[in-house]
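Heads up, the thing below is written out as structure tokens.
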Amino acid sequence: MSTPNWPRHLEPRFLRAVAAEWRRFNHHQLKDGLKQPLFELIDSTEQLGRWTLGTRTISLSRRLVHQQPWGVVVEVLRHEIAHQYAHEVLGAVDETAHGPAFRQVCARLGVDATAAGLPTPSAEDAKVHRRVEKLLALAGSDNRHEAEAAMTEARRLLLVHNLQAPPSNYTWRHLGKPTGRVSPWRRQLAALLIQHFFVEGLWIQVFDVGVDAWRTVLEVCGTSGNVEMAAWVHDWLVDTAERLWRNERTLLRTAGPTQRAHFFSGVVRGFQERLHQGAKRSEAEGLVWVGDPKARAYLGDRHGPTHRVRYTVKSGDAAWSAGLAHGRELVLHKPVTGSTGGTGRLLRG
């Protein structure tokens with residue numbers, strides 16, 4: 001993730017990373033179909049990115065790269081790569097900037113072609129997620145039975161909606177802070193979101209200009225409403241585990257980073273068990289979620305071929321057992337915010 005307002009003397013370092021991202025995208029998604037262009041930073045306040053055919057240059061706004069995270073920079077870069085491909089491979093030099101050839105490339109590569117930012121939830125998505133928010137607000141009740149019933153109904157409503165509604169408005173979001181090494185409990189959390197909250201996910205590389213290094217972050221993809229819900233569940237569970245850990249560590253003889261990681265792993269595992277129980281009840285009603293092939297295809301379009309990595313989670317110590325007990329008692333709840341829409345992002349190119 002780029003740090004807002006980092007020093008300008010680091011710009012060459014940043015442009016090297018942009019070029020590396022361009023090469024990765026060209027290799028995996030375009031089969032090395034493009035010739036590498038020049039890259040530059042410009043002081044434009046009107047455009048975030050620009051492809052110039054005459055000089056074969058992709059320009060990125062300093063305002064963009066100094067103030068936005070790496071994921072947003074990459075989206076603008078991909079938008080300009082689509083322009084480059086439309087011109088140099090498809091020969092669409094006589095079309096308008098966002099003409100048919102450009103839109104065709106964007107559809108193929110999972111790139112935003114609207115120049116109007118991330119998709120917003122459909123009217124039906126927004127309606128359903130407002131109902132879900134109200135149910136999750138009830139799940140914060142001090143009455144345990146009422147809280148559990150509200151959480152169960154909220155998840156059932158989401159399941160029914162995703163089984164019945166035609167998927168649309170696919171988008172993405174990065175969850176959590178980029179890190180050098182992904183803890184097993186974070187991988188558990190990613191698996192939980194993918195299995196129970198109707199998104200697909202992938203660990204990807206983002207560039208940290210401050211330390212001149214690539215970090216790893218979780219990207220989830222799906223419909224706008226599902227991505228927003230998954231993002232909220234992710235942050236809620238991390239914050240809840242941290243709060244529980246602050247209370248629990250005084251009861252443990254040792255409370256270092258290893259014990260904290262084991263405790264978090266237990267919390268995620270315990271909450272996952274609760275969600276499994278709810279999924280089994282839904283299956284008994286004939287409501288079975290088998291995934292969204294279009295979301296998986298969208299993820300593949302964005303990142304090319306992927307592979308699975310197997311990992312092990314240590315369990316059984318006191319910290320893990322304490323976390324497991326807490327996780328089994330968690331009730332997902334959320335205050336009513338009155339808004340389910342994601343934040344738009346303007347892309348001009």
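Here are a few things to note about the model shown:
- Segments 92-104, 150-162 sorted - mean Cβ within 10 Å per residue, highest first: 150-162, 92-104
- Legend: residue pairs K35/K177; K31/K294; K31/K280, Cα-Cα distance threshold 31 Å; pairs beyond threshold, K35/K177; K31/K280.
- A crude spin-label estimate for the pair A191 and E329, with each label 7 Å from Cα along the Cβ direction, gives 2.5 nm.
- Modelled label positions at K134 and D212, each set 7 Å beyond Cα in the direction of Cβ, lie 5.6 nm from each other.
- Karplus-based coupling profile of the stretch 238-248, in residue order and whole Hz: 5, 5, 5, 4, 5, 5, 5, 5, 4, 7, 7, with θ = phi - 60° in 6.51 cos²θ - 1.76 cosθ + 1.60 and x standing for Gly or Pro.
- When both the stretch 44-79 and the stretch 171-222 are represented by their alpha-carbon centers, they are found 23 Å apart.
- The relative contact order of the stretch 8-109 comes to 21 percent, based on Cα pairs under 8 Å that sit 6 or more residues apart.
- Theoretical FRET efficiency, 1/(1+(r/R0)^6), r = Cβ-Cβ of A297 and L10, R0 25 Å, to 0.05: 0.10
- The length gained by stretching the chain between Q104 and A149 to full extension, at 0.36 nm per residue less their Cα-Cα distance, is 11.6 nm.
- Pairwise label distance in nanometres, L163 with R23, each label 7 Å out on the Cα-Cβ vector: 4.9 nm
Just so you know, all these numbers are worked out from the coordinates, no wet-lab data involved. Just so it is clear, the model here is predicted, and its values are computed rather than measured. Please note: Cβ atoms are built from the backbone with ideal geometry, for glycine as well, and neighbour counts cover all protein chains shown.
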